[in-house]
Amino acid sequence: MTLTGRGVSSGIAVGKIYVYSPFKPEPKESLCEPGEEGEQRSRYEQVTKNALDELETLKLSLEKDDPEKAKIFAAHQDIVTDVAINEEILNKILNERWCGDWAIFTAYEQFLRMIRRVKDPLIAERAADFEDVRRRLLRIWYGRSGTAMPDSPVIIAAHDLLPSDTAALDRNTVQAILAETGGATSHSAIIAKSYGIPAVLGISGLLDCVRSGQLAAVDADEGSVLLDPDEASAAVYKRREARFRKDRETAAAFRGREAFTADGVRIDTGLNIADAGDLDHADYADSVGLFRTEFLYMGRDTLPSEEEQFVLYRKVLERFGKRPVTLRTLDIGGDKTLASVRLPVEDNPFLGNRALRLCFSHPEIFRTQIRASLRASVYGELWLMLPMVGSLDDIREAKEFIGGVRRELESEGCPCGSFKTGIMIEIPSIALVAEEAAAEVDFASIGSNDLCQYLCAADRMNPSVARYYQSWHPGLFRLIGETVKAFAGAGKPLCICGELGGDPLAVPALVGLGMRKLSMGAAALGRVKRTLAGFTLAQAEELARQVLRCATAAEVERHLKQFALQGGNEES
Ligand code: PEP
Ligand code: MG
């Protein structure tokens, strides 16, 4: 029997299934007896204390060997002690007389509903953390102990995996992850990708079909799971699994190296970051090619103060030292909303008041961020980048605003370092006047995710138009090629920081078009550097010429795949 789902982290695995079924709380909607409120409150306080103790033990056990995982539990401690949630729970117990378990369940539900409304994957990840903490609290409330993960190699099959489940995974023993829920940006997918564990998610009915101990062969590239493979099939999968493991090791070996093409052309490889947690990968990158600062603003009820922003920006700049940190100013709107600012509902939010436009209409928010950034510029190489720029008017207005903030800081005797000002090229209208734009900025970076969305007129979040969102559309490559020429002509740096920049399939064509700076998530660094080392500039340029001659996305894809298969030895 073969099951299918969505392969979200590539690889092959053959092994025994382990069905993971953690405690699932099902509290009843019930009031406590009048006068019992105090008792329920004490019980809740004891539960939070026990939860904090459990989390502390987990955190300490991981701190030395896996500080990244330890941070998950530190974040969970913050949720347990969160003032707003605790107030809400105590209010439900003391004023509304709900039993403690129902109060915990519903108070967390309120917060979860708020978080789930945001489509941003980073925030969605936070929802999984809240869900996880709620499950822990209720498990302790009912006096149940936790579920341990096995310590021998297994393929985990679960309905869903929450952050503490994935944190408990040992990357050396988990051969693959299968789950009924979850898409490409779910927490399970993000963890699996960062650990290099093959994962197939969204397999409907998975738990009805599998049992612990059953043999399975997973092909996460195809998104398929073959149950009870016969000996011959298992042997084929095993050989493919060995190849996959070797491949992963060689990619990891490239991560810490400088990136060159086979004939020695140096390619600058930058890191895309969302918060200070991503700094663990700082040693493997030449720069921060994209710092998505909006993460600091999201999932909270108040705007971050100038001081809070300054501390974070300074930390990132200091960590990168002389290497540039491309700090993108607030990119809110579209699918990303803020709880701290009431924004009018728009019919077409992606075409509405988002990013730089929103900063223009809320100058006090923009001003605070620019003040914090310019103050932090003393501590490193700040490249300030403006998102959603559509015209030279936008560039001029933003530069004037930034200049004003700089003068204001200087008049206060507050030191500013030197910094560069640049733009994201993610609206076709600015790409088409790239030459003129290049004259007015110090640098630019292509946001291929949005550029593709606006070029193809297909909402990047809407699965029903996914087939119209064509990342291989020849028009996109032509536009990138023209933009590269414009910036090269002006002698100004140009990067690509959208998903294409970290895609080994797209990288040779981008280099062939003249791109010399790529920025990507940490997981892509090793693979991209290895890809770069596998072709010469002449081969890449020939590929780019072929791509520019294509008329359809399918033709482009065929050329890119053929190039990848031949390891760059495409005939000219
Ligand atoms: C992009 O649009 O390509 C980009 C990098 O920005 P974001 O994905 O944050 O919109
Ligand atoms: Mg964008």
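The values are calculated or read from the model by the stated rules, or taken from the named source; none is laboratory data. Just so we're clear, the structure is a prediction, and the values are computed from it rather than from any experiment. All Cβ positions, glycine included, derive from the backbone under ideal geometry; neighbour counts span all protein chains shown. Remember, those area values only see protein heavy atoms, side chains included, never the ligands or the DNA or RNA. Shrake-Rupley method; radii C 1.70, N 1.55, O 1.52, S 1.80 Å.
Read through the list (1) farther than 24 Å from THR261 by Cβ; (2) of a type outside the set (Asp, Glu); (3) in contact (Cβ under 8 Å) with a residue 40 or more places away in the chain, then give the number of the only condition that PHE535 fails.
Unmet for PHE535, out of (1) farther than 24 Å from THR261 by Cβ; (2) of a type outside the set (Asp, Glu); (3) in contact (Cβ under 8 Å) with a residue 40 or more places away in the chain: (1).
Report yes if LEU382 is within 14 Å of ligand 1 (Cβ to nearest atom) and either more than 28 Å from the chain's Cα centre (by Cα) or under 22 Å from MET520 (Cβ atoms) (or both), otherwise no. Spell out how you get there, then give the answer.
Numbers: within 14 Å of ligand 1 (Cβ to nearest atom): no; either more than 28 Å from the chain's Cα centre (by Cα) or under 22 Å from MET520 (Cβ atoms) (or both): yes.
In short, no.
Identify, from the list ASP286, ASP268, the residue that is without any contact (Cβ under 8 Å) to a residue 60 or more places away in the chain, touching a strand residue (DSSP E or B) at 6+ places or on another chain (Cβ under 7 Å) and open to solvent by 20 Å² or more (accessible area, probe 1.4 Å).
Values: ASP268 fails: without any contact (Cβ under 8 Å) to a residue 60 or more places away in the chain.
Criteria check complete, one pass: ASP286.
Considering GLU29, GLU54, which residue is of a type outside the set (A, V, I, L, M), over 21 Å from ARG171 (Cβ atoms) and outside any helix (DSSP H, G or I)?
Working: GLU54 fails: outside any helix (DSSP H, G or I).
Among GLU29, GLU54, only GLU29 is of a type outside the set (A, V, I, L, M), over 21 Å from ARG171 (Cβ atoms) and outside any helix (DSSP H, G or I).
Which pairs turn up if I take residues in the stretch 434-450 that are more than 16 Å from ligand 1 (Cβ to nearest atom) and look for partners that are in a loop (DSSP other than H, G, I, E, B) with beta carbon separation below 6 Å, at least 6 apart in sequence or on another chain?
Cβ pairs passing all conditions: ALA438/LYS492.
Name the residue that is farthest from ligand 2 (Cβ to nearest atom), counting only residues in the stretch 305-330 that are open to solvent by 50 Å² or more (accessible area, probe 1.4 Å) and assigned to a loop (DSSP other than H, G, I, E, B).
Among them, the one singled out is LYS322.
Could you tell me whether any residue of the stretch 204-212 is crowded, with 16+ Cβ neighbours inside 10 Å and closer than 20 Å to THR173 by Cα?
yes
So which residues in the stretch 445-458 are away from ligand 2 (no atom under 13 Å from the Cβ) and either at pLDDT 95 or above or surrounded by 20 or more Cβ atoms within 10 Å (Cβ to Cβ) (or both)? Quick ask: steps written out before the conclusion?
Step one: filter the stretch 445-458 for residues away from ligand 2 (no atom under 13 Å from the Cβ), giving 456-458.
Residues satisfying the conditions are CYS456, ALA457.
Residues being surrounded by 11 or more Cβ atoms within 10 Å (Cβ to Cβ) and either in the same structural domain as ARG527 (by TED's automatic domain parsing) or in contact with a helix residue (DSSP H, G or I) (Cβ under 8 Å, 6 or more places away or on another chain) (or both): count how many of those fall in the stretch 22-35. Before you say what the answer is, go through the steps one by one.
In the first step, residues of the stretch 22-35 are kept if they are surrounded by 11 or more Cβ atoms within 10 Å (Cβ to Cβ); the result is 22-23, 25, 27, 31-32.
Cutting the leftovers down to either in the same structural domain as ARG527 (by TED's automatic domain parsing) or in contact with a helix residue (DSSP H, G or I) (Cβ under 8 Å, 6 or more places away or on another chain) (or both) gives us 22-23, 25, 27, 32.
The number of residues fulfilling the criteria is 5.
Considering each of GLN546, GLN470, GLN562 in turn, give the residue that is away from ligand 2 (no atom under 16 Å from the Cβ), part of a loop (DSSP other than H, G, I, E, B) and not hydrophobic (A, V, I, L, M, F, W, C).
Working: GLN546 fails: part of a loop (DSSP other than H, G, I, E, B); GLN562 fails: part of a loop (DSSP other than H, G, I, E, B).
So the residue among GLN546, GLN470, GLN562 that is away from ligand 2 (no atom under 16 Å from the Cβ), part of a loop (DSSP other than H, G, I, E, B) and not hydrophobic (A, V, I, L, M, F, W, C) is GLN470.
Examine the stretch 85-103 for a residue that is open to solvent by less than 30 Å² (accessible area, probe 1.4 Å), among the aromatic types (Phe, Trp, Tyr) and either modelled with pLDDT of 95 or more or closer than 14 Å to TRP141 by Cα (or both), and state whether such a residue exists.
No - not one qualifying residue is present in the stretch 85-103.
Looking at GLY270, GLY205 in this structure, which one is under 20 Å from the mean Cα position of the chain (by Cα) and not aliphatic (A, V, I, L, M)? Write out each step before concluding.
Details: GLY205 fails: under 20 Å from the mean Cα position of the chain (by Cα).
Testing whether each residue is under 20 Å from the mean Cα position of the chain (by Cα) and not aliphatic (A, V, I, L, M) leaves just GLY270.
Could you tell me which of the residues ARG357, ARG375 is within 16 Å of ligand 1 (Cβ to nearest atom) and of a type in the set (Lys, Arg)? Walk me through it before giving the result.
On the way: ARG375 fails: within 16 Å of ligand 1 (Cβ to nearest atom).
None of the other options fit; the residue is ARG357.
Could you tell me which of the residues ALA544, ALA486 is open to solvent by less than 40 Å² (accessible area, probe 1.4 Å) and free of Cβ contacts under 8 Å to residues at least 60 places away in the same chain?
Going through ALA544, ALA486 in turn, the sole match is ALA486.
Table: residues versus (1) open to solvent by 30 Å² or more (accessible area, probe 1.4 Å); (2) at pLDDT below 90; (3) outside any loop (DSSP other than H, G, I, E, B); (4) aliphatic (A, V, I, L, M).
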site	(1), (2), (3), (4)
GLU39	yes, no, yes, no
ASN50	yes, no, yes, no
SER61	yes, yes, yes, no
HIS76	no, no, yes, no
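Could you tell me whether ASP278 is under 24 Å from the mean Cα position of the chain (by Cα), without any contact (Cβ under 8 Å) to a residue 12 or more places away in the chain and surrounded by 13 or more Cβ atoms within 10 Å (Cβ to Cβ)? Reasoning before the result, please.
Working: under 24 Å from the mean Cα position of the chain (by Cα): yes; without any contact (Cβ under 8 Å) to a residue 12 or more places away in the chain: no; surrounded by 13 or more Cβ atoms within 10 Å (Cβ to Cβ): yes.
Here the answer is no, as ASP278 does not meet what is asked.
Based on what the data block shows, is ALA398 within 30 Å of GLU436 (Cβ to Cβ) and surrounded by fewer than 24 Cβ atoms within 10 Å (Cβ to Cβ)?
Numbers: within 30 Å of GLU436 (Cβ to Cβ): yes; surrounded by fewer than 24 Cβ atoms within 10 Å (Cβ to Cβ): yes.
Yes.
How about the stretch 331-349: which of its residues are part of a loop (DSSP other than H, G, I, E, B), within 16 Å of ligand 2 (Cβ to nearest atom) and touching a helix residue (DSSP H, G or I) at 6+ places or on another chain (Cβ under 8 Å)?
Matches in the stretch 331-349: ASP331, ILE332, GLY334, ASP335.
I'd like the full set of residues that are closer than 24 Å to ALA252 by Cα and buried (at least 20 other Cβ atoms within 10 Å of the Cβ), limited to the stretch 523-541.
Quick first cut of the stretch 523-541, residues closer than 24 Å to ALA252 by Cα only: 523-537, 540.
Matches in the stretch 523-541: ALA524, LEU525, GLY526, ARG527, VAL528, LYS529, THR531, LEU532, PHE535, ALA540.
Cβ-Cβ distance below 7 Å, separation of 6 or more or different chains: which pairs start in the stretch 72-93 with a residue that is closer than 21 Å to GLU56 by Cβ and assigned by TED's automatic domain parsing to the domain that holds ARG43 and end on one that is open to solvent by 30 Å² or more (accessible area, probe 1.4 Å) and basic (Lys, Arg)?
These pairs meet every condition: PHE73/LYS59; ALA74/LYS59.
Hey, can you tell me all the residues within the stretch 484-507 that are within 13 Å of ligand 1 (Cβ to nearest atom) and either in a helix (DSSP H, G or I) or under 21 Å from MET388 (Cα atoms) (or both)? First the steps, then the outcome.
In the first step, residues of the stretch 484-507 are kept if they are within 13 Å of ligand 1 (Cβ to nearest atom); the result is 495-503, 506.
Hits for the stretch 484-507 are CYS495, ILE496, CYS497, GLY498, GLU499, LEU500, GLY501, GLY502.
If the requirement is being surrounded by 23 or more Cβ atoms within 10 Å (Cβ to Cβ), within 16 Å of ligand 2 (Cβ to nearest atom) and over 18 Å from the mean Cα position of the chain (by Cα), which of these qualifies: ILE496, ILE480? Working first, answer last.
Details: ILE496 fails: over 18 Å from the mean Cα position of the chain (by Cα).
Matching residue, one of ILE496, ILE480: ILE480.
Consider SER418 carefully, then state whether it is within 16 Å of ligand 2 (Cβ to nearest atom) and open to solvent by 10 Å² or more (accessible area, probe 1.4 Å). First the steps, then the outcome.
On the way: within 16 Å of ligand 2 (Cβ to nearest atom): no; open to solvent by 10 Å² or more (accessible area, probe 1.4 Å): yes.
Answer is no for this residue.
Here's the yes/no breakdown for (1) at pLDDT 95 or above; (2) among the charged types (D, E, K, R):
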residue: PHE477; (1), (2): yes, no
residue: LYS485; (1), (2): yes, yes
residue: ALA506; (1), (2): yes, no
residue: SER519; (1), (2): yes, no
residue: ALA523; (1), (2): no, no
residue: VAL547; (1), (2): yes, no
residue: VAL556; (1), (2): yes, no
residue: GLY568; (1), (2): no, no
